[in-house]
Structure formats: structure tokens, C-alpha cells
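Some notes on the structure that comes next.
Each reported figure results from applying straightforward, stated rules to the coordinates on display, with no laboratory input. All figures in this text were calculated on a predicted structure; none of them were measured in a lab. Here Cβ is always computed from backbone atoms with ideal geometry, including for glycine, and neighbour counts include all displayed protein chains.
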Amino acid sequence: MLNQIEFLKTRDGSSTIYLKHMDETYHSINGAFSESLHVYIINGLKKIDQDQEQINILEVGFGTGLNALLTMDYMLPHQRINYMSIEPFPLDLETINQYYKEFCHLPYNTPFISHLIQSEYQKWNVIHERFNFCLMNKKLQDLTDFDYQMFGENKVDIIYYDAFAPVKQPEMWNTEVIEKATKALNNKGFLTTYCAQGQFKRNLKSLGLRIEGVKGPLGKREMTLAFKE
Ligand SMILES: C[S@@+](CC[C@H](N)C(=O)[O-])C[C@H]1O[C@@H](n2cnc3c(N)ncnc32)[C@H](O)[C@@H]1O
């Protein structure tokens, strides 16, 4: 794996992974940490009613696990989280350890990364008493209703949609594939993503979702929120 990738320092001092064969990075080069914090925590986890105790999160693209670690960092003491992450091409532990070594400011919960990446696939793993984690080792396209039943009746509160950019992986942004994820949302659920592409937003609208454009992370004008209600 290590010969197919490079670690790049982003503008906020955190790192990202550059995939040579795709000419694509896992995060914004303007700041991996800042992007994750802005898109998935401030405009995701923190947009949920803060009195809600049980929160179900579905992530598309586990990658380095940065979004999961920051979710653990920013969850409140009374909250319990079920976090399912879809990742057909998991990075190995050596690569992930190397990735976090390059960080100038680590998420507080970074020591949990080995538990996350080594957890048993396709089932809930208790990472700590308030954080359950399930790594779905398959493509979003292959997820079934049976997989979503793992969330129980409450279904999904937030989707962190963190696929590679539409120019690099167009198949992740078409209506059929987005519906694979958004069908799991409950009535108050929403999707958050760094992507603000026009066609993607039209695809979300065609699925009956209400779009809200909000200010993007460092160096980006806009990002997208899409609400079920
Ligand atoms: C932008 S990167 C993920 C960033 C990740 N959240 C992080 O913080 O490192 C996109 C991720 O989507 C994964 N991916 C690729 N094809 C996928 C598919 N069909 N379904 C779900 N995830 C996919 C990639 O392997 C990669 O880890």
C-alpha cells in the first residue's frame, strides 16, 4: 500500500493521503482536519438536537477514520452513537499509523484508531461504552435493507457523505447511488457533504430532499446539506 500513496501536509498542519493511481487526495489540501471539523462535526453532529441521546450516523468512505475520531472527540457526555462506516478498500494499520504520525495536532481520540480499523466487519463493535462502530467492508452500491436494519427502528440521523470527488468517482454521485444511502435516513435525518456540484444537488432534489447550501470549509465557497423533511 505504502508505495501507491503519498502523505501530504495540508494547510492547517494536518495530513492527507494522496492516491497516485487516481491523482486524488482523501481530504482538501486546504486543511484535512478543518474540513472534517467544518463539514461533518459543525454542520453534522452539532446540527442534531443536542438533547437527543441516541444518534445514528452512516458514513460513506471511512478512509483514514478522521471523521470517526472527531465524532468521538465532539460527542457530548450524555450522547451515545452508533457509527456505521462503509469502506470497500480499508487502509492497513501500518498506513494509518504512518498517516497520524505526520499530524501536528492529533484528534484527542486517536489512540482508538487501531480498534476502529481492526474491528470485526459487518457487525457492531463496542469501541467504548457510548460509541458502537460497524465497518461495512463493501461498496455503498452493494448495501442492502438488511444492513440498515442494524440501526433498528430509528434509522439514520446523519449521513457523512465523504466519497471521492465527482470528477474522480462520478458513479458515487448519481441518483441511484445517492438513494442507496439516503433511503436509510429517518424523517428528521439529513446528509452533509463537502461537495457542492450542481448536478449532485439536482439529484438530491429529485429524491425529494430539501437542499441547503452553507459556507464551505477553508478555501471552499459552499458545501451541501440535504434534509429528508
Ligand atoms: C474522500 S475518501 C474518504 C475520506 C475519509 N472519510 C477520511 O477522513 O479519510 C473516500 C473514501 O471512499 C472510499 N470508497 C471508494 N469507493 C467506495 C464505494 N463504492 N462505496 C463506499 N466507499 C467507497 C475510498 O476507499 C475512500 O476511503
remark   = HN-Hα couplings for segment 141-153 via Karplus (6.51, -1.76, 1.60; θ = phi - 60°), in whole Hz with x for Gly/Pro, come out as 4, 9, 5, 10, 4, 4, 4, 5, 4, 5, 7, x, 5
ask   = Antiparallel as a % of all DSSP beta bridges within the chain, to the nearest 5?
value = 50
task = Return the distance in nm (one decimal) between the two label points of a simple spin-label model at GLN52 and HIS78, each offset 7 Å from Cα along Cα→Cβ.
result = 1.5
remark   = Scan of the chain for trypsin sites (Lys or Arg not before Pro) in DSSP loops with at most 11 other beta-carbon atoms within 10 Å gives a longest site-free stretch of 21-220
request  = Would you list which lysines come within 24 Å of LYS139, measuring only between C-alpha atoms, while excluding same-chain residues fewer than 8 positions from it?
outcome  = LYS20, LYS123, LYS155, LYS168, LYS180, LYS183, LYS201, LYS205, LYS228
ask   = Give or take rounding to whole Å, what are the principal axis extents of the alpha carbon atoms in the chain, in descending order?
value = 43, 40, 31
remark   = Restricted to segment 1-107, the DSSP antiparallel beta bridge percent, nearest 5, is 50
key: Relative contact order of the chain, pairs being alpha-carbon contacts under 8 Å that are 6 or more residues apart, as %   = 19
task = Would you look at the GNM of the chain, springs on alpha carbons closer than 10 Å, and say which of ASP23, ASP73, ASP92 moves the most?
result = ASP23
